[in-house]
Amino acid sequence: MSGSPRPLFGRSGPKMTPDRIAFAGIFVVTGLGLLTIGATLPVLPKYVTGPIGGGDVAVGVVTGAFAATGLLFRPIGGAFADARGRKPVVVVGALLTALSGLLLFIPAGIGGLVITRLFLGAGEGMVYTAGAAWIVDMAPAHRRGRVIGLYGLAIWGGLSLGPPIGDLILRTSSFEMVWAFAAAAPLAGALIATRIPENYAPAALAKPISLGQRARALIARESLAPGLALALTVVGYATLAAFIVLHLDARGIGHGALVFATFAVTVVTVRLLGGGLPDRYGGARTAAVAGLVQAGGLFLVAAAHSLPVALIGAAAMGGGFALLFPSLALIVVDAVPDDRRGAAMGTFTAFFDVGMGVGAPLAGVAA
């Protein structure tokens, strides 16, 4: 007998019902973990080149190290979320993220910083993957796409608010206070997660599972095609993030930060106002249209010789990108039973890291 969550989000009305409170709690827990990533992004380079005495290569290695364990622990966290429940994985992931902040207090050089980032990647990968399965458990089938899209905004919130928070703490205090914030935020998330009710009940095993079966359970085949599509989508985003300023400066247009901000604001706006489109028209159809819109927007940005054209292209990219993730995720969750949802989301979201990892380097080669 498979684990069977009780559908939530089925009621309407202005009141904060238990399911909405639970969703808000999971959203906050995930966002607090992403705040740790965001807050340390502008601070670590200064710490590496300052007190540590490292160079640009060391900055790159330290900053990007968390992506390796993030990629690895998304499917691992998803599989454990299926076998043990969503809440335990979210709590453990949040505690690992908090530990990464505490380890920053130990003066262990570049190697020590890399280790802290590896813990950070593992924790964030577990929290987001198990959290995604958790919120889908609470959503009825006809609202899954919208709920997935809203949950994804936790990433945008954490990565958008984190850098200015980290920079402000550093300017008004010290590196140590940034590390304290990086530990306290996910620790608060872990405490919140322990108070959120879980409706998913892991299935009881009829017989022991071999190590080979456990390894195969980490990867959900149903997620491979949508995941590859997600990776290709993220390549476009990574290209924009890495090269928009250089591209527009080379054209004499400038205002690269404004163009990227237009993209980001459009993502949030479309998620909030159009998040129900994948549920209404289907994940595959919405993803196909959104992919064409994003590609068209990227073409406009590439061809732009004026700021208005670049802004229109960025807005189109944002609109397409906003709908692609929930549309593709909807294809995934609709293709697997409840007790494989964590592994499916873990496999799927790992492709986001793949797209980010190869996107900017490939764009650099093409440039």
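Can LEU113 be described as out of contact with any Lys or Arg (no Cβ under 6 Å at 6 or more places or on another chain), surrounded by fewer than 22 Cβ atoms within 10 Å (Cβ to Cβ) and closer than 20 Å to PHE181 by Cβ? Even if it seems obvious, please write down each step before you answer.
Values: out of contact with any Lys or Arg (no Cβ under 6 Å at 6 or more places or on another chain): yes; surrounded by fewer than 22 Cβ atoms within 10 Å (Cβ to Cβ): no; closer than 20 Å to PHE181 by Cβ: yes.
Taking the combined requirement at face value, the residue does not satisfy it.
Only residues that are touching a Gly at 6+ places or on another chain (Cβ under 9 Å) and either basic (Lys, Arg) or over 13 Å from TYR47 (Cβ atoms) (or both): list them for segment 107-117, please.
First, pick out the residues of segment 107-117 that are touching a Gly at 6+ places or on another chain (Cβ under 9 Å): 109-110, 113, 116-117.
Across segment 107-117, the qualifying residue is only ARG117.
Rundown of residues vs (1) in contact (Cβ under 8 Å) with a residue 12 or more places away in the chain; (2) in a helix (DSSP H, G or I), yes/no style:
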residue: ALA94; (1), (2): yes, yes
residue: LEU99; (1), (2): yes, yes
residue: PHE105; (1), (2): yes, no
residue: GLY111; (1), (2): no, yes
residue: ILE115; (1), (2): yes, yes
residue: ALA122; (1), (2): yes, yes
residue: TYR128; (1), (2): yes, yes
residue: ILE135; (1), (2): yes, yes
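Quick one: which of ARG11, ARG20 is in a loop (DSSP other than H, G, I, E, B) and at pLDDT below 95? Spell out how you get there, then give the answer.
Working: ARG20 fails: in a loop (DSSP other than H, G, I, E, B).
Of ARG11, ARG20, the one residue that is in a loop (DSSP other than H, G, I, E, B) and at pLDDT below 95 is ARG11.
Within segment 210-221, can one find any residue that is at pLDDT 95 or above and small (Gly, Ala, Ser)?
Looking for residues that are at pLDDT 95 or above and small (Gly, Ala, Ser), one finds none in segment 210-221, hence no.
What's the total number of residues in segment 250-281 that are closer than 20 Å to SER306 by Cα and polar (S, T, N, Q)?
2
The values are calculated or read from the model by the stated rules, or taken from the named source; none is laboratory data. These figures come from a predicted structure and were not determined experimentally. Glycine gets a Cβ as well: all are built from the backbone with ideal geometry, and neighbour counts include every protein chain shown.
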